[in-house]
Amino acid sequence: MMVAPERALAGLIFAVEEARDRPGTLVASLPFGGMSLLEYQIRLLAGIGAEQVLVAVGKVTPQFLAAIERAGRGQLKVDIVRSAEEAAEKVLRDADVLVLADGLVTIDPVMERMAAEPHAALLVTDDAESPAAIERLDMRHCWAGIARIETRHLAHIATMPEDYDFQSALLRVAAQSGALQVPLAPGWARAGHAVERSGDGLAARNDAVLAALSDRRTLWADRWVFSRGARYILPQLLARDIPDWAPLALGGVVSVAALLTVLAGWEGIGMLVALVATLGFATAVSHAALRGEEPRARRIEVAILGLFVLLLAAIGWREFRAIGTATPLLLAASGVVLQLLVGRMPVARRRWWANAAAQLLVLTPFALIGHASWGLSAVALYGLATLTAAIEAVRGKS
């Protein structure tokens, strides 16, 4: 039996409305997440595998053109269209189209849910007062900013009179064709899914989206300590236009200071400095995740692991010199090896499991009270317990 090939996916972003608090500035060109809102929306579409993005515009401003130019540097093909007719001509043949409303802020899980729909679908809310409610579909439901349509819907609108509203007409055609209504989950709304028309509103949504990204990090040290710190720091950096490499550079410089402090014999102070470095790296990870740069985020997380390895080696060496036995070196080596093995286990992590950030938190109080060797023992035991649990989880899967 032949299986039908999977349909290509294109994106259609509406960028027509001006910001309420910034006349002459399109909402799509307002800053959000260290980029423009348009770039953020394109990033979301790239994350679900879109092969093309069409941007429906009414007018083009210099800020908007700059955002389009920056977005076009990626792998996605980005085209400006001014009508349904032009969109129907430029869209990939036989592609499904994921439509994003003008001024829409959302998160990856919402996009993934709508992209997974096999047929035409509309994201809806039954709360007419919700920030996500754009246009009423019936007596109960309002459109919540995302629609999955077929290219024939674009072709249908292209035959309509020229005085139609492109976004509204597209919504009506999709609804009348029997599109599935997907309810907006409460968790998505809390995570920041909404339509915003002002710069201040987008700044507020920025915090909610950062919180949602933090909640996706499962291990306790990330979720409850470092990502929470990053959620406070990152909006301050974005508001002041501090470049995204700054927290990464700070983490690197402070890491060197932490290692030198430990080697100088001030192990407790060195570990506190190392936690500051880890916070810098965590902030850089959150910023990369917000921009959709997942490979870069993973590389930065490797820097936290590298800091952990170097600190254990430095503390093991200091303790070896202090007490004259090889036990601290063996404990440090065991902690490193066990953590590396844990990182290679092909299984979902549980909240309490060890990672490099958690191990640094475990080691710090022992170093502060002058018993770093006990801390090395705790790190090794924590790594062993995590590895044992991971092995059992792998066996359970098989």
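Couple of notes before you dig in:
- Model label sites at MET139 and ARG321, defined 7 Å from Cα along the beta-carbon direction, differ in position by 8.1 nm.
- Residue among LEU376, LEU259, PHE64 farthest towards the positive dipole end of the chain, charges placed on Cβ: LEU376
- Label of the coordinate-derived value, P(r) over Cα pairs in 20 Å bins from 0, in percent, listed as [x] 25, 45, 25, 5, 0; [y] 24, 57, 19, 0; [z] 16, 25, 22, 16, 10, 6, 3, 1, 1, 0: [x]
- Charge tally for PRO183 (other residues, Cβ to Cβ under 12 Å; Lys, Arg +1; Asp, Glu -1): 0.
- Helix 62-71 axis, angle to the chain major axis (alpha carbon atoms, nearest 10°): 60 degrees
- Farthest positive-ward along the chain dipole, Cα basis, beta-carbon charges - from ALA101, MET271, LEU202: MET271
- Peptide ranges 123-130, 303-310 listed from the most packed, as the mean C-beta count within 10 angstrom indicates: 303-310, 123-130
- Mean projected area of the Cα convex hull of region 291-398, taken over all directions, amounts to 7.7 nm².
- For peptides 39-45, 230-236, 389-395, sequence by mean Cβ density within 10 Å, most packed first: 39-45, 230-236, 389-395
- Angle of helix 267-290 to the longest C-alpha principal axis of the chain, folded into 0 to 90 degrees and rounded to 10: 20°.
- Protein accessible area in the chain, 1.4 Å probe - carbon and sulfur %: 58 percent
- What the chain shows is 47 Å² of accessible area per residue, with the surface traced by a 1.4 Å probe over protein heavy atoms.
- Across the options ALA348, ALA282, GLN359, the greatest Cα extent toward the positive end of the charge dipole of region 232-385 (unit charges at beta carbon of Lys, Arg, Asp, Glu) belongs to ALA348.
- Charging the Cβ of each Asp and Glu at -1 and of each Lys and Arg at +1, and nothing else, the dipole of region 286-343 about its Cα centre rounds to 120 debye.
The values are calculated or read from the model by the stated rules, or taken from the named source; none is laboratory data. Everything quoted here is computed from the prediction, not taken from an experiment. Virtual Cβ from ideal backbone geometry, glycine too; neighbours counted across all protein chains shown. In case anyone asks, the SASA skips ligands and DNA or RNA and just uses the protein heavy atoms, side chains included. Shrake-Rupley method; radii C 1.70, N 1.55, O 1.52, S 1.80 Å.
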